[in-house]
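Before any comments, here is the structure.
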Amino acid sequence: MPKRLYVMWGSMSHGFSKTIIAFLLATLGSKAIAADAQTISATTLDGSRFSLADARGHVVILNFWATWCTPCRAEMPALDTYYRAHHGEGLDMLAVALDADGSRKKLAQATSGFAFPVARISDTRIARSAIPRALPETRIYGRDGTLRYDSSAQKGQPLDTAAIERVVTPLLQERGAVTR
């Protein structure tokens with residue numbers, strides 16, 4: 001049975017209740033994104049299956065991008081370099097292309113030098129509410145499957161190598177490490 005939160009509004013000052021509401025919206029909002037993301041699964045360009053639920057025990061970088069997005073293309077080499085260096089330490093990644101006309105051939109050509117798997121949005125099972133409204137967007141999940149970083153606050157700024165290392169490296173070092 002789910003836990004319920006009961007608040008006695010009459011006994012709170014107005015300022016305190018605004019703080020509680022803001023906190024609950026912020027908390028529930030981030031958990032809603034994380035819950036939606038738990039259902040993400042895809043068939044990659046090479047025909048492999050990816051599921052965020054199956055990646056539990058690994059750190060996962062979920063990158064949303066498009067071939068026409070210049071900032072997206074700018075962050076891809078840094079993501080690839082980090083992925084290549086740490087994949088054996090329990091790092092998984094999926095890049096989901098949001099191109100409306102993204103043929104498999106076009107996307108395969110655009111990502112041919114990258115080691116991480118790529119999927120088209122049309123080959124991805126994802127809740128509509130979890131699809132980003134601005135690109136690029138990168139979400140990073142800890143080994144326990146919880147959302148630990150969401151770049152949407154960066155407002156389209158690409159991740160650089162330093163940011164990726166600052167966010168992902170500590171997650172790889174957390175207990176419960178799964179190596180390959």
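What follows is calculated from the coordinates using simple rules that are stated; it is not laboratory data. What you see is a predicted model, and the numbers here were worked out from it, not measured in a lab. Cβ atoms come from the backbone with ideal geometry, glycine included; neighbour counts cover every protein chain shown.
Data for the structure
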read-out	value
Selection from region 99-155 of residues that are in a helix (DSSP H, G or I), surrounded by fewer than 18 Cβ atoms within 10 Å (Cβ to Cβ) and of a type in the set (S, T, N, Q)	GLN109, SER122, SER129, SER152, GLN154
Hits in region 74-98 - residues which are in contact with a Lys or Arg (Cβ under 6 Å, 6 or more places away or on another chain) and surrounded by fewer than 18 Cβ atoms within 10 Å (Cβ to Cβ)	GLY88
Condition met for ALA163 (in a helix (DSSP H, G or I), under 19 Å from TYR82 (Cα atoms) and more than 14 Å from the chain's Cα centre (by Cα))	yes
Residue that is nearest to the chain's Cα centre (by Cα) [pool: residues in region 143-160 that are within 26 Å of ASP54 (Cα to Cα) and of a type in the set (Asp, Glu)]	ASP150
